[in-house]
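Asker: Dropping the structure in here first, questions after.
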Amino acid sequence: QCGVFERVFVIGSEHFQFACINPQIIDQSAEMIKDNEGCLSYPALYLKIERPSWIMASFYNENGEHIQMKMEGLTARCYQHELDHMNGIRFIEKVGPAAIQQARRKQTKMIKKIVRHKKKSTPISFCYSFISDFIPSTAALNPAIVVMQGIDLCTAVVRMTQPSCLVP
């Protein structure tokens, strides 16, 4: 996805970050939870994705230490999403064509709103206004999905609204 050919990703929030080197899922709950998910590879596209409510993750950290950690909630969702990227699985492959079609319609509307809103704002006011107005509440309250990509939320917003990213 980003031109680095190693099995590593970083996840976290403004309070914590950690590298996951050679990540695996060694156990997972039978209980599945369906929740909104987005991806910087698909700006402004959000889909309801079903994933296990918790996972047991195994990986090496940046110090070479082997870690086994139970993850749940958004952390588990982010870990699974990034591991899917490594395994060549795109999140749009986890839903049917009707769900994608509906999400694409919403994406197109959202992008039009973003472009209109951006034209009326300075870059910083646009960024913070975008966060509160346009990003689904889970991402706005816990920016782990963006932070795990190694960039801050404002940078992600600015990148999402560049003309090259606005093709639905």
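Asker: At 1.4 Å probe size, with every protein chain present, just tell me what the per residue accessible area of the stretch 60-105 comes to in Å².
Answerer: Result: 58 Å² of accessible area for each residue.
Asker: Next up: How big is the stretch 13-68 along each principal axis, measuring the range of its Cα positions in Å and listing the largest first?
Answerer: 35, 29, 21
Asker: So what does the Cα-only Debye profile of the stretch 34-118 read at q = 0.12, 0.15, 0.20, 0.21 Å⁻¹, as log10 I(q)/I(0), no solvent term?
Answerer: Each listed q maps to, in turn, -0.46, -0.66, -0.96, -1.01.
Asker: Of all GluC sites (Glu not before Pro) in the stretch 67-119, which ones are in loop regions per DSSP and have a Cβ with at most 16 other Cβ atoms within 10 Å?
Answerer: Within the stretch 67-119, no GluC sites (Glu not before Pro) qualify (loop, at most 16 other Cβ atoms within 10 Å).
Asker: Let me ask something else about it. Can you give the net charge of the other residues whose Cβ lies under 11 Å from the Cβ of F59, counting K and R as +1 and D and E as -1?
Answerer: -2
The values are calculated or read from the model by the stated rules, or taken from the named source; none is laboratory data. In this text, all values refer to a predicted model and were calculated from it rather than measured experimentally. Please note: Cβ atoms are built from the backbone with ideal geometry, for glycine as well, and neighbour counts cover all protein chains shown. Calculation scope for accessible area: heavy atoms of the full protein, side chains included, ligands and nucleic acids excluded. Shrake-Rupley method; radii C 1.70, N 1.55, O 1.52, S 1.80 Å.
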